[in-house]
């Protein structure tokens with residue numbers, strides 16, 4: 001502490017010469033801190049004062065009281081979007097092989113694409129409803145994700161992943177962006193991104209983009225940025241991810257896009273089936 005006192009004094013003097021007042025200068029070492037500015041031994045003793053434990057500051061308490069959530073480290077947020085390894089990867093890859101062989105030919109056929117689209121949306125809608133009810137016992141990210149991963153089977157995950165490769169299906173799925181739909185939808189899209197294992201890495205662009213969109217719509221900008229970045233890593237040419245990424249980085253408000261999606265949904269439902277029967281209608285809103 002004493003060895004650095006001349007440096008601290010030089011910095012204070014240099015700042016003062018530029019009309020920048022220095023009210024405090026501290027030395028932090030070995031879990032203690034010392035003040036270079038406070039002459040009061042009762043306030044700042046020679047042996048220093050211990051640094052408070054992480055998360056126990058007045059600021060941390062105020063943030064908790066205000067309901068501000070810590071999203072976790074960058075590594076933790078990225079892990080939530082990273083494909084799963086053994087023992088899940090091998091059976092999931094096989095399920096994706098089967099789903100691709102079964103669904104892709106139907107998706108390429110004019111008369112089959114509509115049926116696959118409706119099937120995918122019904123399946124996703126049912127899982128969002130289930131995830132809304134099946135809340136994890138622990139809010140810690142890794143355990144919460146493990147809870148969701150254990151619920152969703154390989155075959156159903158594969159069917160949704162392949163089905164979401166259709167642009168119209170993905171756009172309809174993006175309508176689950178607010179209200180009681182958004183949180184379980186975000187959990188589902190993250191879970192599906194983690195199931196894009198092995199050679200199906202590019203398939204993650206769709207669920208990752210949906211995860212980024214829902215996070216942005218809900219005001220979780222850090223999670224949105226990471227999800228959209230990962231989507232573009234999976235497929236740099238994925239247009240929906242590029243558009244959202246550009247709008248996000250330009251500081252746009254997501255509300256105009258939400259309004260467009262609401263109008264599309266309302267117009268579609270007005271032309272076609274009653275709201276409770278539409279595969280893209282709000283999840284669970286009309287479920288018993």
Calculated FRET efficiency, residue 137 and residue 267, Cβ-Cβ r, R0 51 Å, to nearest 0.05?
-> 0.80
C-alpha long axis of helix 89-108 to longest principal axis of the chain, angle in ° | 50
Principal-axis tilt of helix 182-194 within the chain, Cα atoms, nearest 10 degrees = 80
If you take the square roots of the eigenvalues of the alpha-carbon gyration tensor of the range 75-277 and sort them as a ≥ b ≥ c, do you get rounded (a/c under 1.5), prolate (a/b over b/c) or oblate?
-> rounded
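What number, in percent, do you get for the relative contact order of the range 2-51 if the mean sequence gap of Cα pairs under 8 Å and at least 6 apart is divided by its residue count?
Worked out over the range 2-51, it gives 25 percent.
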What does the convex hull of the Cα atoms come to per residue for the range 2-51, in Å³?
-> 76
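Assign one of three labels to the range 133-190, namely rounded, prolate or oblate, based on the Cα gyration tensor with a ≥ b ≥ c the square roots of its eigenvalues; rounded applies when a/c is under 1.5, prolate when it is not and a/b is larger than b/c, and oblate otherwise. The partial results should precede the final answer.
Values: a/c = 2.81, a/b = 1.41, b/c = 1.99.
Since a/c reaches 1.5 but b/c is at least a/b, the shape of the range 133-190 is classed as oblate.
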Which whole number in µm²/s is D for the range 84-131 by Stokes-Einstein, with the Kirkwood Rh taken over Cα pairs at 10 °C and 1.306 mPa s?
-> 130
Relative to the first principal axis of the alpha-carbon coordinates of the chain, what is the inclination of helix 141-151, with its axis defined by its Cα atoms, in degrees from 0 to 90 and to the nearest 10?
-> 10
Residue with peak Gaussian network fluctuation, the chain [Cα springs, cutoff 10 Å], from 218, 140, 178 = 140
Report the paramagnetic label zone for residue 33: residues of the range 1-25 whose backbone N is under 11 Å from a point 7 Å from Cα along the Cα-to-Cβ axis.
-> 24-25
What whole number of Å gives the distance from the Cα centroid of the range 165-208 to the Cα centroid of the range 1-35?
-> 51
GNM of the chain, Cα pairs under 10 angstrom: of 132, 46, 122, the biggest fluctuation goes to 46
Please build a GNM for the chain, connecting alpha carbons under 10 Å apart, and tell me which residue among 29, 73, 223 fluctuates the most.
-> 29
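Just so you know, all these numbers are worked out from the coordinates, no wet-lab data involved. In this text, all values refer to a predicted model and were calculated from it rather than measured experimentally. Don't worry about glycine lacking a Cβ; one is built from the backbone with ideal geometry, like all the others, and counts go over all protein chains shown.
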